[in-house]
Structures are given as structure tokens and as C-alpha cells.
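Encoded as C-alpha cells, the structure appears first; notes follow it.
The values are calculated or read from the model by the stated rules, or taken from the named source; none is laboratory data. Keep in mind it's a predicted model, so treat the numbers as computed, not measured. Neighbour counts run over all protein chains shown; Cβ positions are idealised from the backbone, glycine included.
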Amino acid sequence: MDGIFADFELVILPGMTHWQHPRFFAYFPANAAPVSVIAEYLVTAMAAQCMLWQTSPAATELETRVLDWLRQGLGLPDGFHGVIQDSASSATLAAVLVMRERALAWRGNAAGLPGQPTLRIYCSGEAHTSIDRAVWIAGIGQANLVKLPIKGATRAIDLDALDAAIRADVAAGLAPAGIIACVGATGVGATDDVAGVCRVAAAHGLYVHVDAAWAGSAMICPEFRELWSGVELADSIVFNPHKWLGAQFDCSAHFVRDPESLVRTLAIQPEYLKTHGHDGVINYSEWSVPLGRRFRALKIWFLLRAHGLEGLRAMIRDHVAWAQALALRFDADPAFEVTSPPILSLFSFRHVPAGVADLDAHNLRLLNAINDDGRIYLTQTRLDGKLVIRFQAGAFTTTEADVASAYDVVSEIAAGLA
Ligand SMILES: *Cc1c(COP(=O)(O)O)cnc(C)c1O
């Protein structure tokens with residue numbers, strides 16, 4: 001073991017990206033609150049496989065309990081039931097499979113897709129690639145994922161275009177199955193009008209899945225819930241406690257209004273998986289694609305008990321306020337352009353010095369110089385074809401001074417390049 005540990009420190013650690021660093025401003029956070037790390041140690045030590053109620057009753061009972069705490073924390077109504085999926089991608093896949101089965105009168109699993117109506121799924125061009133992949137894996141095909149234009153400062157799906165696309169598909173003999181709404185999409189935080197999407201969906205009998213993988217954590221703060229107003233009308237919602245909330249990776253919370261349709265899509269019960277003599281128990285493996293399940297609820301239990309919703313709200317409010325203050329500093333500096341306004345703690349910017357012809361190449365050079373410098377970590381995205389630099393504050397250990405330092409580091413390095 002001494003040799004293994006020595007090599008771990010020598011070879012592995014220097015090659016790791018430090019996601020828990022207070023000046024990690026790239027991608028989205030993948031927080032690991034120390035209490036959730038302790039819960040993970042215990043889970044690892046018990047090493048239980050929690051696929052059925054009977055294979056670890058406390059794990060199932062706790063999952064029901066803590067998901068209901070989270071549901072209440074987010075302000076979702078009573079009718080939603082939660083399950084932990086390993087990732088938002090898995091939750092979205094499960095939701096797309098439900099859309100498929102519902103639209104095919106539950107014949108897809110049994111008969112396969114040949115000879116069935118051509119299914120159609122709708123989202124905006126801002127939606128996460130996990131939606132494309134869910135549509136591929138569900139056998140619906142990229143060609144039947146209809147990506148609609150966006151409108152306005154929130155880069156929301158154009159509801160008129162959505163409604164028109166559904167009508168045109170119906171007229172053409174295709175079978176609309178569902179809509180995926182974005183709340184805080186990955187690029188620059190694009191957010192659909194969830195109430196409007198649900199209204200259009202209801203008019204056509206479609207299933208709605210809301211992808212709030214990152215922004216969902218902030219919905220524990222009542223003042224931010226306007227961002228997903230109307231969410232109570234959705235059928236399915238995913239957010240990742242492993243992103244901003246602080247539950248050690250991985251841990252994705254999936255809420256559905258009608259668990260029956262999820263179970264009808266995914267449950268299979270050979271004799272060896274039956275739990276005899278315990279009618280009415282929940283077997284969460286029937287709510288997800290994988291059969292085997294880790295005990296993920298324990299880290300939510302530790303997290304919520306140690307920090308309380310109030311502690312987590314204070315952290316998220318700080319991140320939002322600090323990021324917004326930082327965006328104002330960039331905005332006030334004529335050498336920079338804030339290219340998308342803060343959505344919670346995420347905004348984008350670029351350096352626009354006079355006399356630089358190729359701003360994309362210049363900003364990529366700036367980004368690489370910032371990351372080579374190593375004091376802060378940022379990533380890029382494309383916004384309406386332009387290369388822009390993303391900033392998000394969300395690490396558990398981030399302080400106001402860490403966030404403020406981003407302006408100093410970026411402007412110092414940018415001045416050196418010019
Ligand atoms: C991170 C993210 C995902 C993917 O989450 P995984 O849990 O890694 O699958 C999906 N959608 C959005 C908006 C995200 O930010």
C-alpha cells in the first residue's frame with residue numbers, strides 16, 4: 001500500500017482537475033460538501049446494492065424520504081414523486097422512453113419501432129446534448145428531434161414556432177410525443193417559458209420533461225423560482241444535487257407526476273426479482289434504466305441535516321450575488337463585452353480590444369492564457385456563432401474574494417496579450 005499511495009501522489013494527483021477548488025469557474029460545479037463525502041465513505045464501506053426494497057430496505061425508505069424533502073425544498077406540489085438517477089442524462093433518457101411508450105400506446109417495448117408511427121420530440125437549439133443522445137438511444141432518431149428557434153433575452157423556445165411545428169407534424173401524419181424544456185441550459189443559461197411550453201403541450205396531449213440539471217438547485221430559494229414558473233404543470237423534472245447543491249457526485253433527482261407511466265415503461269419482473277409478502281413496496285430499479293443502484297440517498301440526508309436548506313440557500317444566494325457583481329465590473333470596462341447577462345450565477349463575456357480583427361481567435365488565446373496561468377479556471381462556449389468565455393460561481397468553498405479575483409486575473413492577462 002505504501003508504494004501504491006506514493007504512486008498515487010506522484011502520478012495521479014498532478015493529472016487531476018481540482019473541481020473542488022474555490023476558483024473553479026468552468027463548466028458547472030460538481031460540489032462535494034464534506035458531509036456528503038463522509039456519507040459516501042459509509043456507502044462505500046457498506047457496499048450494498050440497492051436495486052430493490054428487499055436488497056436494503058433503509059436505502060429505499062430513505063430515498064423516498066429525502067426526495068420528498070427535496071421536493072418540498074424546491075416548492076414542487078405534493079403530486080410529484082422523486083427517484084435518484086445516476087445522472088441527468090439517465091433521467092432524460094427515462095423521460096424520453098416514457099414519451100415514446102405513451103405515444104405508441106405502450107407498444108414500443110413489446111413490438112419494437114418498425115411499423116410504428118414516426119415519433120417527434122421538440123426542444124430548442126439550446127438544449128443539452130443529453131437530449132440528442134436520449135433520442136438516439138430511444139430509437140427515435142436525430143432527424144425526429146425538432147430543434148426550434150429561440151426568442152428574447154432568456155433565449156427561450158419560440159412558442160408559436162413550437163405550436164406550428166407540432167401542427168405541421170400532425171398534418172403530415174407524424175406522431176408528436178413530447179417536449180423538453182430548458183431551465184438554465186449549459187451554454188449561457190437559456191431558459192424556456194415552462195408555463196408556455198406546458199400550455200402548448202397540453203393542447204396536443206404531449207408529455208413535458210424539464211431539464212434543470214444545474215439551475216434546479218437554486219430553486220430551493222423562493223426568490224429564484226420565477227425562472228421555472230409553471231413547472232408544476234410539467235410531467236417530469238430533473239436536477240442534479242451533485243452540481244450546485246453539494247451532494248457528492250453522482251446524484252441526480254428526477255421528479256415525476258405519474259410514476260406509473262415510468263414504471264410501466266421500465267419495470268420488468270422475472271421471478272428472481274420479485275419481493276414476495278411485501279405488497280406496495282417501492283423497487284426504485286423499476287424507475288430507472290440500470291437495475292443495480294448505489295445508495296445515493298444517504299448523502300442527501302447528511303447534506304440536508306448538516307447544512308439545512310437555509311445553509312444551502314445562503315451559499316447559492318452568495319454565488320448569485322457575487323457573480324452578478326462581477327458581471328457589472330466587466331460591463332463597466334470598455335475592454336470587455338458581457339455577451340449574455342447573468343442567469344443566476346452564470347454569464348459570458350469577451351475581450352473586445354480596439355484593432356483586433358479576429359475576436360474569436362483572440363478570446364480563445366485569452367482563455368488558454370488564463371488557464372495556463374492557473375489561478376482561475378474558465379471554459380468557453382459559442383453564442384450566436386461567436387466564441388465567448390463562460391463564468392459561473394458555484395464551488396462550495398468559493399468566497400466573495402475568489403469571485404472578485406476573476407476580474408483582476410482576466411484583465412491582467414488580457415492586457416498582457418493586447
Ligand atoms: C450537466 C447538465 C446535463 C447533464 O448532466 P449529467 O448528470 O452529467 O448527465 C444535462 N443538462 C444540463 C442543462 C446540464 O447542465
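Looking at region 138-176, which of its residues are of a type in the set (A, V, I, L, M), under 22 Å from the mean Cα position of the chain (by Cα) and in a strand (DSSP E or B)? The answer is Leu145, Val146, Leu148, Ile150, Ala156, Ile157. Buried (at least 20 other Cβ atoms within 10 Å of the Cβ) and either without any contact (Cβ under 8 Å) to a residue 60 or more places away in the chain or closer than 19 Å to Trp244 by Cα (or both) - does that describe any residue in region 352-360? Within region 352-360, none of the residues are buried (at least 20 other Cβ atoms within 10 Å of the Cβ) and either without any contact (Cβ under 8 Å) to a residue 60 or more places away in the chain or closer than 19 Å to Trp244 by Cα (or both).
Checking the stated criteria, Gly82 turns out not to satisfy the condition of being within 30 Å of Leu304 (Cβ to Cβ), more than 16 Å from the ligand (Cβ to nearest atom), assigned by TED's automatic domain parsing to the domain that holds Ala202 and not aromatic (Phe, Trp, Tyr). Could you list all residues from region 41-64 that are in contact with a Ser or Thr (Cβ under 8 Å, 6 or more places away or on another chain) and closer than 18 Å to Phe249 by Cβ? Scanning region 41-64 gives a single hit, Cys50. Each residue in region 222-260 was checked for being more than 17 Å from Ala202 (Cα to Cα), in a strand (DSSP E or B) and within 13 Å of the ligand (Cβ to nearest atom), and 5 of them qualify.
Looking only at region 337-349, decide whether some residue is of a type in the set (D, E, K, R) and touching a residue at least 24 places away in the same chain (Cβ under 8 Å). No, region 337-349 contains no residue that is of a type in the set (D, E, K, R) and touching a residue at least 24 places away in the same chain (Cβ under 8 Å).
What do you reckon, is Ile12 at pLDDT 95 or above and surrounded by 10 or more Cβ atoms within 10 Å (Cβ to Cβ)? Against the criterion (at pLDDT 95 or above and surrounded by 10 or more Cβ atoms within 10 Å (Cβ to Cβ)), Ile12 does not qualify. No other residue among Ala30, Ala39 is in a helix (DSSP H, G or I) and either modelled with pLDDT of 95 or more or in contact with a Leu (Cβ under 9 Å, 6 or more places away or on another chain) (or both) apart from Ala39.
Restricting Val146, Val200 to residues that are touching a Leu at 6+ places or on another chain (Cβ under 8 Å) and either hydrophobic (A, V, I, L, M, F, W, C) or away from the ligand (no atom under 16 Å from the Cβ) (or both) narrows the list to Val200.
The C-beta contact set for region 124-139 (first residue without any contact (Cβ under 8 Å) to a residue 40 or more places away in the chain and of a type outside the set (Gly, Ala, Ser), second residue more than 8 Å from the ligand (Cβ to nearest atom) and assigned to a loop (DSSP other than H, G, I, E, B), distance under 8 angstrom, 6+ apart or interchain) comprises Val135/Gly141.
Looking across region 85-121, the residues that are buried (at least 20 other Cβ atoms within 10 Å of the Cβ), away from the ligand (no atom under 16 Å from the Cβ) and free of Cβ contacts under 8 Å to residues at least 60 places away in the same chain come down to Gly108, Leu119, Arg120. When region 221-242 is filtered for residues that are surrounded by fewer than 19 Cβ atoms within 10 Å (Cβ to Cβ) and polar (S, T, N, Q), only Ser229 remains.
In this structure, Leu366 does not qualify as in the same structural domain as Ala393 (by TED's automatic domain parsing) and touching a residue at least 60 places away in the same chain (Cβ under 8 Å).
Answer yes or no: is there a residue in region 285-303 that is outside the structural domain of Trp244 (by TED's automatic domain parsing), surrounded by fewer than 22 Cβ atoms within 10 Å (Cβ to Cβ) and basic (Lys, Arg). No - not one qualifying residue is present in region 285-303.
Conditions (1) closer than 30 Å to Gly216 by Cβ; (2) part of a strand (DSSP E or B); (3) out of contact with any helix residue (DSSP H, G or I) (no Cβ under 6 Å at 6 or more places or on another chain), marked per residue:
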{"position": "Leu328", "(1), (2), (3)": "yes, no, yes"}
{"position": "Ala354", "(1), (2), (3)": "no, no, yes"}
{"position": "Ala357", "(1), (2), (3)": "no, no, yes"}
{"position": "Gly394", "(1), (2), (3)": "yes, no, no"}
{"position": "Tyr407", "(1), (2), (3)": "yes, no, no"}
{"position": "Ala414", "(1), (2), (3)": "no, no, no"}
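For region 92-122, residues that are touching a Leu at 6+ places or on another chain (Cβ under 7 Å) and under 22 Å from Leu159 (Cβ atoms) total 4.
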